[in-house]
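These notes concern the structure reproduced below.
The values are calculated or read from the model by the stated rules, or taken from the named source; none is laboratory data. Quantities reported herein were computed from a predicted structural model and do not represent experimental measurements. Positions of Cβ are generated from backbone atoms using ideal geometry, with glycine treated the same way; all protein chains shown enter the neighbour counts.
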Amino acid sequence: MTTLFNARNLRLSLGDKLILDDVSLDLLAGQILTLIGPNGAGKTSLVRIILGLLKPDAGNVVFPRPIRIGYMPQKLHIDTTLPLSVSGFLALADRNPEHCRNALARVEIPHLLERPVTALSGGETQRVLLARALLRKPELLVLDEPVQGVDINGQEALYRLISLIRGETGCGILMVSHDLHLVMAATDQVICLNRHVCCHGTPEAVSASPAYTELFGVRTALYTHRHDHQHDLHGGVEHCGGRHD
Amino acid sequence: MTDFLLLALLAGLGVALVSGPLGAFVVWRRMAYFGDTLAHSALLGIAAGLWLSIAPGLAVILICLLIALGLLALQRQHTLATDTLLGILSHSSLALGIIAMYLIPGARVDLEALLFGDLLAVTPLETLGIWVAAGVVLALIYRLWTPMLAITVHEELARVEGINVGWVKAALMLTLALVIAIAMKVVGVLLITALLVIPAATARRFASSPSSMAMLGSVAGALAVCLGVAASWWWDTPMGPSIVLGAGLLFAASLLRRQRA
């Protein structure tokens, strides 16, 4: 399998705060890699560096060959003064209405084509963002917290969709999540990040590793009820002395 | 109708035409205060033009771009909020502009005309200049419509999709500086932002897409110019403020209609 990118020894600080410390990772074509970690662990910064939106203080990201990247940002904030429909939003990436309709059908919301973007629910917004990323026919899909603002059933459906899309297109996927249990079924590799790479491997290996337990707390590792997870996660962070904001 | 009135109407309509699309961007990007700052600095531009004997329009554009660059540099310091920085730049440049006017030896400057516009004194050449500048602005916005809209909707997404965000923003600044240079004559530096923001806000209530909002904004702007010129003719009111008040009344009337999503 070909490598989509190699990130080597990335280091980043903002002011005197160290965000990323010597982080390296690779992504192969067709592979799903999930970054997990507590709030403030540097997940989004790492993604932004890989996308070229942020320059690291040290280290680099190498793309062996130029690839098309589809990006699904964490959220979409559109001012209500902007009367923009879903079709108008998608047209910003591809002016062909046929392509836009197909992309929207692929994410299973074809009926929302003429809906104003500001009238979408959390789950619908995430799917529209995914459709826009797909319009680029990406070889690498970067998803920053793709299930944010989506209810539990919707989260599972969205992860299932993401893994279907990987199967159909063969694109590599880099995904940010803060819930390992939800993404377990949908990911090949996991990197547990807390400013540095704490541990990495298959989801099973990571959830069994001591570094993961130390970061998220032992109860979280065994716990499957997700509503309490968020709460535990914060407790776990404070327990291991990490800063978060 | 007399010639000077027709000329005033023509010049006003030229500015109204661009106030729709550019005003829409000012509203969407929440640049109203920024526009105000650039407009205030235009007075400094006029003074600089007189000092250095260069064309006032050109001097205004240059000073506006300088102030925009100055703001970018100050924003990088991350020490003060942008609206505070704008407040500093806006009012110090306005004050400096007024003082510079008084200090220019032998210059007889009609400060009121600069602050509130002097549409009745517009010359045929100036009217032509307004339409040429308006044409350039419209062409730029038409050409860059999709990238301009894309960076307004989500800047980072646009960047990942290959849009050169820096250049598109620079183009937006340039169009804003151009419009300020031509709108000065019509409504004066203190009221320029009104002509950008109010017609766009009025259009929002009727628009179902970004492009229809831009076009309806031009229509609202043109109506405001007609109202202002007519009021000024019938009741002898100052023309610039009459145009702005006309825009305000149109907006008030638009409130009667429910906003489209």
Discussion item. Here is a list: B:24, B:39. Which entry is more than 14 Å from chain A (Cβ to nearest Cβ) and either at pLDDT 90 or above or farther than 21 Å from residue B:240 by Cα (or both)?
Written reply: B:39
Worksheet item: Do we have residue A:57 as over 19 Å from the mean Cα position of the chain (by Cα) and either touching a residue at least 60 places away in the same chain (Cβ under 8 Å) or within 25 Å of residue A:206 (Cβ to Cβ) (or both) here?
Response: no
Worksheet item: Looking at segment A:158-199, which of its residues are without any contact (Cβ under 8 Å) to a residue 12 or more places away in the chain and either under 17 Å from residue A:4 (Cα atoms) or not assigned by TED's automatic domain parsing to the domain that holds residue A:37 (or both)?
Response: A:167
Fill in: Segments classed as helices (runs of 4 or more DSSP H), wholly inside segment A:85-200, with at least 1 members that are within 14 Å of chain B (Cβ to nearest Cβ) and buried (at least 22 other Cβ atoms within 10 Å of the Cβ)
A:86-91, A:97-106, A:122-135
Discussion item. Any residue at all in segment A:69-80 that's within 30 Å of residue B:200 (Cβ to Cβ), more than 9 Å from chain B (Cβ to nearest Cβ) and over 22 Å from the mean Cα position of the chain (by Cα)?
Written reply: no
Worksheet item: Within segment B:134-149, can you find the residues that are aromatic (Phe, Trp, Tyr) and more than 14 Å from chain A (Cβ to nearest Cβ)?
Response: B:142
Worksheet item: With respect to residue A:88, is the statement that it is modelled with pLDDT of 90 or more and more than 22 Å from residue B:212 (Cβ to Cβ) true?
Response: no
Item to complete: For segment A:47-63, state whether one or more residues are touching a Ser or Thr at 6+ places or on another chain (Cβ under 7 Å) and either within 14 Å of chain B (Cβ to nearest Cβ) or of a type in the set (Asp, Glu) (or both).
Response: yes
Worksheet entry | Options B:162, B:188: the member that is under 12 Å from the mean Cα position of the chain (by Cα) and on the phi > 0 side of the Ramachandran plot | B:188
Worksheet item: So which of B:14, B:70, B:49 ends up being touching a residue at least 40 places away in the same chain (Cβ under 8 Å) and part of a helix (DSSP H, G or I)?
Response: B:14
Item to complete: With the condition kept exactly as written, say whether any residue in segment B:53-60 is buried (at least 23 other Cβ atoms within 10 Å of the Cβ) and away from chain A (no Cβ under 14 Å).
Response: yes
Discussion item. Condition (residue is surrounded by fewer than 22 Cβ atoms within 10 Å (Cβ to Cβ) and within 16 Å of the chain's Cα centre (by Cα)) applied to segment A:9-26: is it met by at least one residue?
Written reply: yes
Item to complete: Kindly check whether there is at least one residue in segment B:93-111 that is outside any helix (DSSP H, G or I), in contact with a helix residue (DSSP H, G or I) (Cβ under 6 Å, 6 or more places away or on another chain), more than 21 Å from residue B:180 (Cα to Cα) and modelled with pLDDT under 80.
Response: yes
